[in-house]
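Working notes for the structure below.
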Amino acid sequence: MAAGSIFSGCTSAKSAEQDMADRPNILFILSDDHTSKAWGIYDGILEEYVKNENIRRLAQEGCVLDNCFCTNSISVPSRAAILTGAYSHRNGVYTLSDALDPEADHIAKRLQAGGYQTALFGKWHLKKQPAGFDEFLVFHDQGEYHNPIMKSAANWIDDDKGRQGDTIPGFSTDIVTSQTIEWIRNRDKDRPFMMMCHFKATHEPWDFPERLKDLYEEVEFPYPDNLLEFGPESSGRKFTGQPLEILGGRWETSSENRDRSGGFFYPELPFSTKGLNQEEKRKKIYQKLIKDYLRCGAAIDENIGRLLDFLDQEKLAENTIVIYVSDQGYFLGDHGFFDKRMMYEESLRMPFVIRYPREIPAGSRNQDIILNIDFAALLADYAGVETPEQSQGRSFRSNLMGQSPADWREAMYYRYWTQHTNRPAHIGIRTGRYKLMFLYGDPLHTKGSEDKTTLPAFEFYDLQADPYENKNLYNDPAYAAIIRQMKTDLLRIKEETGDTDPDTPRMHEILQAHF
């Protein structure tokens, strides 16, 4: 059924009104970099420390996805994939430096055309003016944690054209929640709504409201087993990544200057590692990161609680789909890293929980491989509209009800396009057990990349035997047959997704030389 003809099967205005009344509302809550180990519902060493009463409530009343992954682990491309249902090579948003064309078809436009009220509050980050929303108020660029500048259609200016908007007093996560609640309260109650509530948290610099400043004050957090991995020598990985010492350096620079450093205001300064040895320095940086990060995340949980309580008060909970998801994962000292981008589990995994009392069994978990390109198809399915024209995803509505299709995907394709010498551009394939990454290490003219190339290299992991990817097994003869098959499968799935590199002959040369 086409989005523009959503009422074509109705025989009267009354039946059309009833059709709309029966459609579920959608509250889509998106955070930034809120990695799975910091949710407290995915196990891990931080589970007992996480303030997660309301995330846990959603999990108990809905379904948790255990294998939800992004297809390009960086904010702008992931958000574009969520909206369009398409991989980067199809929607044209490859790197942080790209923008989503306002003319691009996406799920908000489909729902709006299908009779839904649509709104967006919070972090947009796709640079150009949002389209497909009846109302929006979004941060300029990344946004600030305190007193953020926010833009609407009335005062819009593209992010690269200057800094303009209204300063809203308060803490950003609280502000976005209040705006969301107010809009839902004043909506047209005769039509369903789709609200996109996008938090800045838990993005660097991991700030928090004053009320949470004493949370974890005397806590020493446990350490990842691979925190003290100081280089690729022991693991056999083929890139250096972003070690925590880079973050520590940012804090120390900010401490000295006491002003904006690298575009961020960091909380809880001054900070120093002067006089510490290598191990002591890394552990001190880790402890500050986790304390700031979890306090920032605690504000998300509090505000999810505000949203859930509001839905209860308005008697909307039964017919409102509530989704909470992060746009990608994040390294919290794993491998000694911070940040994301690489196809390791901490970065690749998107924690995801969904509640819909009318359909989804409470307290359930799903093990299927779900991708961010599937989200648009799911929402279109619930709303009874067609998917965006570029969509490559598939609705997982039946999966959520415990009825996964027999032909559901058994492998996923990943591509990180930005080339840096410490975080090379790469492609990869992940199955339920194995992962093969090919770091092709070439910018291929992508925006925001370094001009320098790196030597192409492979990494292979048995996630059953080595869930934390501590040992690159690419040269292990015991896995030679599996690796040969996965290399074949990687090229096949790359082709099937339409990622054929028609304008970059250099990529074909690299693949021919190494496959």
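The values are calculated or read from the model by the stated rules, or taken from the named source; none is laboratory data. Source: prediction; values computed, not measured. Counting neighbours? That spans all protein chains shown, and the Cβs are built from the backbone with ideal geometry, glycine included. Each accessible area value is taken on the protein alone, full model and side chains, heavy atoms only, with ligands, DNA and RNA left out. Shrake-Rupley method; radii C 1.70, N 1.55, O 1.52, S 1.80 Å.
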| request: Could you please find all residues in the range 448-475 being closer than 24 Å to Y330 by Cβ and in contact with an Asp or Glu (Cβ under 6 Å, 6 or more places away or on another chain)? | output: Y461, N472
| remark: By residue number, the members of the range 275-316 that are over 20 Å from F193 (Cα atoms), acidic (D, E) and free of Cβ contacts under 8 Å to residues at least 12 places away in the same chain are E280
| request: Evaluate the range 479-501: report whether one residue or more is under 22 Å from G393 (Cα atoms) and small (G, A, S). | output: yes
| query | Out of (1) more than 24 Å from P24 (Cβ to Cβ); (2) touching a helix residue (DSSP H, G or I) at 6+ places or on another chain (Cβ under 8 Å); (3) in contact (Cβ under 8 Å) with a residue 40 or more places away in the chain; (4) open to solvent by 10 Å² or more (accessible area, probe 1.4 Å), what's the single condition that is false for P222? | reply | (2)
| said: Considering only residues that are hydrophobic (A, V, I, L, M, F, W, C), crowded, with 17+ Cβ neighbours inside 10 Å and in a loop (DSSP other than H, G, I, E, B), which ones fall in the range 111-160? | reply: W124, L126, A131, F133
| request: Pull up the range 457-515, narrow it to residues that are in a loop (DSSP other than H, G, I, E, B) and of a type in the set (D, E, K, R), then point me to the one that is farthest from E345 (Cα to Cα). | output: D503
| query | Of all residues in the range 444-460 being of a type in the set (S, T, Y) and in contact with a Pro (Cβ under 9 Å, 6 or more places away or on another chain), which is nearest to S97 (Cα to Cα)? | reply | S449
| field | Failed condition for D374, given (1) open to solvent by less than 10 Å² (accessible area, probe 1.4 Å); (2) closer than 23 Å to E469 by Cα; (3) among the charged types (D, E, K, R) | value | (2)
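So that you can scan it fast, the table gives a plain yes or no per residue for (1) touching a strand residue (DSSP E or B) at 6+ places or on another chain (Cβ under 6 Å); (2) buried (at least 22 other Cβ atoms within 10 Å of the Cβ):
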site	(1), (2)
R397	no, no
M401	no, no
P405	no, no
A411	yes, no
W417	no, yes
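Okay, residues lined up against (1) modelled with pLDDT under 95; (2) over 22 Å from T202 (Cβ atoms); (3) within 14 Å of the chain's Cα centre (by Cα):
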residue: N67; (1), (2), (3): no, no, yes
residue: Y94; (1), (2), (3): no, yes, no
residue: L111; (1), (2), (3): no, yes, no
residue: F121; (1), (2), (3): no, no, no
residue: K128; (1), (2), (3): no, yes, no
residue: E135; (1), (2), (3): no, yes, no
residue: N155; (1), (2), (3): yes, yes, no
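Scan the range 413-456 for residues that are in a loop (DSSP other than H, G, I, E, B), among the charged types (D, E, K, R) and under 18 Å from F515 (Cβ atoms) and jot them down. Talk me through it step by step, then tell me what you get.
Let us first name the residues in the range 413-456 that are in a loop (DSSP other than H, G, I, E, B), namely 417-425, 432-433, 440-456.
Keeping just the survivors that are among the charged types (D, E, K, R) gives 423, 433, 442, 447, 450-452.
Matches in the range 413-456: D442 only.
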| query | Only one of A38, A104, A99 is at pLDDT 95 or above, more than 19 Å from S326 (Cα to Cα) and in contact with a helix residue (DSSP H, G or I) (Cβ under 7 Å, 6 or more places away or on another chain); which? | reply | A104
| Does the range 235-258 contain at least one residue that is in a loop (DSSP other than H, G, I, E, B), over 23 Å from the mean Cα position of the chain (by Cα) and under 28 Å from P169 (Cβ atoms)? | yes
| query | When the range 483-515 is examined, which residues are found to be touching a Leu at 6+ places or on another chain (Cβ under 9 Å) and within 30 Å of G44 (Cβ to Cβ)? | reply | I483, M486, D489, L490
| task | Select from the range 230-255 the residues that are open to solvent by less than 20 Å² (accessible area, probe 1.4 Å) and of a type outside the set (S, T, N, Q) and list them in ascending order. | result | G231, R237, F239, G241, L244, L247, G248, W251
